[in-house]
Amino acid sequence: MIPAIGLMVGAYIVTRMTAMLTRPDSSKVVKVLSIITIAVALVSCLELLTGAAALPPARF
């Protein structure tokens, strides 16, 4: 459940930063920071996906 929430948050961050990149009035600093944030969010989501596959199945 926690990896799914992390993926949703990562998708939201990527979506918001993409919106910041496409705004015509944003400065170059904002665009650079948006690109860095997108890269970090994508790497984090990839780690969540690969790490979640290594977890043993839950027993209830």
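Looking at Thr22, Thr18, which one is touching a helix residue (DSSP H, G or I) at 6+ places or on another chain (Cβ under 8 Å), at pLDDT 90 or above and either surrounded by 10 or more Cβ atoms within 10 Å (Cβ to Cβ) or of a type in the set (S, T, N, Q) (or both)?
Of the residues listed, the single one that is touching a helix residue (DSSP H, G or I) at 6+ places or on another chain (Cβ under 8 Å), at pLDDT 90 or above and either surrounded by 10 or more Cβ atoms within 10 Å (Cβ to Cβ) or of a type in the set (S, T, N, Q) (or both) is Thr18.
Restricting region 3-52 to residues that are among the polar types (S, T, N, Q) and assigned to a helix (DSSP H, G or I) leaves a set whose member that is nearest to the chain's Cα centre (by Cα) is Ser44.
Is it true that some residue in region 35-42 is surrounded by 14 or more Cβ atoms within 10 Å (Cβ to Cβ), farther than 19 Å from Ile2 by Cβ and at pLDDT below 95? Looking through region 35-42, none of the residues is surrounded by 14 or more Cβ atoms within 10 Å (Cβ to Cβ), farther than 19 Å from Ile2 by Cβ and at pLDDT below 95.
The values are calculated or read from the model by the stated rules, or taken from the named source; none is laboratory data. None of the values given here were measured: they were computed from a predicted structure. Positions of Cβ are backbone-derived with ideal geometry, glycine not excepted, and every protein chain shown enters the neighbour counts.
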